[in-house]
Amino acid sequence: MARDRTRRPVSLRDRASYRFDRTLARSTGTLMGWLVVTCLAVVVPVSALLVWTDPGSPRSLSGRLTAAWRTSAETLRLGAMTGTAPRMVMSAFLGLVALLCVSTLVGVITNSLAERMAELSRGRSTVLEQGHVVVLGWSDQVPTVVGELIAAVAARRARAVVLLADRDKTEMERTLAAHVGPAGRARLICRSGPASDPAVLALVSPGTASTVLVLPSGEAGGDAEVLRVLLALRAVVGEGPDGPPVLAAVRDDHYRASARLAAGPRGTVLETDTVTARLIAQCVGRPGLSLVLRDLLDFAGDEFHVIDATAFHGGPFGTAVLGHADSCVVGLLTPEGRTLLNPPAGTAVTPGSRLIVVTRDDGTSRPADCRHLVDPSAITTDPSPPEGPARLLMLGWNRRAPLVVGQLRRTARPGAVLDVLTDRAVPGPREPEPEEAAVSGTRLTVRFRSAALSRPDTLLGLDLTPYDGLVVLGPDPGDGPDRPDDWTLVTLLALRLLEERTGGRELRVVSELTDDRNRPLAPVDPGSDVIVSGELTGLLMAQIAQNRHLADVFDELFSADGSMICLRPAGTYVRPGVTTAFATVVAAARDRGECAIGYRRHDRLTATPDHGVRLNPHKGERRVWSAEDQVVVVTTEATDVTRPARAATQDAADHGP
């Protein structure tokens, strides 16, 4: 009862509004009736007011009523015919029918246009292109892949890059515009829908594409989704050899065999975690390597190309090394399709072979004999000092950490030690694979220890004096902070403070980030090795998409066996303090069984955005070589001792008089 006494009384206005809302909600006819009543309630009185206030209106009442009817009828488009009442009713009826027909026609056209615009905004229209590049899936690598593809496509001829992902089309376009910028001569086309659906996949015309790229998402089932997309691609394009080359990426090595089978004979599959782990392990002993690889992998400067070798057919590979003034020769592509990276200088260049070079563009490289630029008196013959065993420290643990440990096992010098410090349960030493154990033996001792790395005082209490290098691995997404790079940045700050406390001793730190936008925030020395796994995969896929022969090149460069890229002291090749051309460095590296592709100036490590890295300089470029400079070479460390003897078969005339 008390509740009834305190209830607020309902006003007449609220009751009328409630009844009106109920009336409108009954049916469409009721709504139309109210619209008619409302229009008449406004139009008829206003029309009468206009007639009665017009000095030229008829004087009689019937004349004024007729004028008011005519004004109201013209306003409502009901027809203005006058006369008897039946005649006026038929005129109004025809006006209503005409109004209904026109309104229906306008509504149909409007709805059709709205549906078409909505379909276009959803990205569900068919792409009619020839020779375009198709990118399937959405991940952190998409902005890098699309940006590099646009740079490569625009530099050659106007073509299209088509992206299909199960995301909103407008959102994809906005994200790419923010990261990539204007497409220039290239055309960027986005389509929305699941790429694993053959009906949706057919919208981007993969059968007429020049290359199809399949990217894994960052979710747990991303690799399985790649398999579904590859199977859908097979259903749309077919299994014959006439389809476009397919380049796919998976994170887990266990999916690689299945992905290769699903991709078909024209498919190439990359393992993103393995590639990232290999690069981290290689950068541990080669500071600055990530800068060189980043410069090689993007399309902004010099990169790997395959060019014609007709001018050197029948001759040794060592002659081709000094056979281009504006390109650095690093290998051969045999007529059978085999890739020989950094072969011995005496390897014959057979007819049908092609050269693998580092150059600006494959269309601008021209043969030019550079042997006359070599100064034999500037070449040093002193052997390289042997490298001793290293002691390394790894901070953090993620899904790529076992792969990094495995790579370090294969490349470590005998007696090396790796201490792993993690804030989770000690993972324990991963048992090496049989072939891995046969290669590494007991060269690397791995020791695990737990500590609260999330606490700054733990990091600041570390003794880094015994270590030659450090590796910082952030947690996996979803396995720690919302942004995994935050932990990495805090750890790098603590290491920087420790470096200052130890009297400025430079620490060789290799860190891994997940977002390239955090690279400028990393508190490390300029030019240090900061590896962004998503960016690395994106650059690799963009390069291989333009030339599938480069897949074997990068596979060997990032493997623990075979050839690799190194930065060696310039004093290993030429006498410090002498002034000589880069051709002399190339000749000295060739005699040691290596291919020189550039250098890094010590006096410009922080002065320029490239941190002193200069790839593919002209063979005639002369400069004073200091002991602190480094030469970038493609080498095979496992055979460094025997390679000079095989290189000695090269004609001595290569060095000139």
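The values are calculated or read from the model by the stated rules, or taken from the named source; none is laboratory data. Because the structure is predicted, anything quoted here is derived from the model rather than measured. Using ideal geometry, Cβ is built from the backbone for each residue, glycine included, and neighbour counts are taken over all protein chains shown.
A few comments on the model shown:
- A single entry from THR488, THR514, THR445, THR502 fulfils the requirement of being over 34 Å from the mean Cα position of the chain (by Cα) and modelled with pLDDT of 80 or more: THR445.
- Qualifying helices (runs of 4 or more DSSP H) (wholly inside the range 168-268; at least 3 residues being at pLDDT 90 or above and in contact with a Gly (Cβ under 8 Å, 6 or more places away or on another chain)): 222-237
- All of GLU535, GLU512, GLU500 fail the test of being free of Cβ contacts under 8 Å to residues at least 24 places away in the same chain and either buried (at least 19 other Cβ atoms within 10 Å of the Cβ) or not hydrophobic (A, V, I, L, M, F, W, C) (or both), apart from GLU500.
- The residues of the range 547-590 that are under 26 Å from the mean Cα position of the chain (by Cα), surrounded by fewer than 21 Cβ atoms within 10 Å (Cβ to Cβ) and polar (S, T, N, Q), listed by number, are ASN547, SER559.
Quick grid of which residues meet (1) on the phi > 0 side of the Ramachandran plot; (2) under 31 Å from the mean Cα position of the chain (by Cα); (3) at pLDDT below 75:
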position	(1), (2), (3)
GLN407	no, yes, no
PRO429	no, no, yes
GLU433	no, no, yes
ALA437	no, no, yes
GLY441	yes, no, yes
PRO456	no, no, no
LEU462	no, no, no
TYR467	no, no, no
ARG483	no, yes, yes
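- Failed criterion for PRO523 (all others in (1) surrounded by 19 or more Cβ atoms within 10 Å (Cβ to Cβ); (2) touching a Leu at 6+ places or on another chain (Cβ under 8 Å) hold): (1)
- Taking the listed residues ALA300, ALA309, the one that is hydrophobic (A, V, I, L, M, F, W, C), closer than 23 Å to ASN547 by Cα and either surrounded by fewer than 21 Cβ atoms within 10 Å (Cβ to Cβ) or at pLDDT below 85 (or both) is ALA300, with no other qualifying.
- Looking only at the range 324-341, residues that are surrounded by fewer than 24 Cβ atoms within 10 Å (Cβ to Cβ), not in a strand (DSSP E or B) and not β-branched (Val, Ile, Thr) come to 6 in all.
- Of the criteria (1) of a type in the set (A, V, I, L, M, F, W, C); (2) touching a Leu at 6+ places or on another chain (Cβ under 7 Å); (3) crowded, with 22+ Cβ neighbours inside 10 Å; (4) more than 23 Å from ILE150 (Cα to Cα), which one VAL236 fails: (3)
- Filtered residues of the range 205-216 (kept if closer than 20 Å to THR144 by Cα and either of a type in the set (Lys, Arg) or surrounded by fewer than 19 Cβ atoms within 10 Å (Cβ to Cβ) (or both)): SER210
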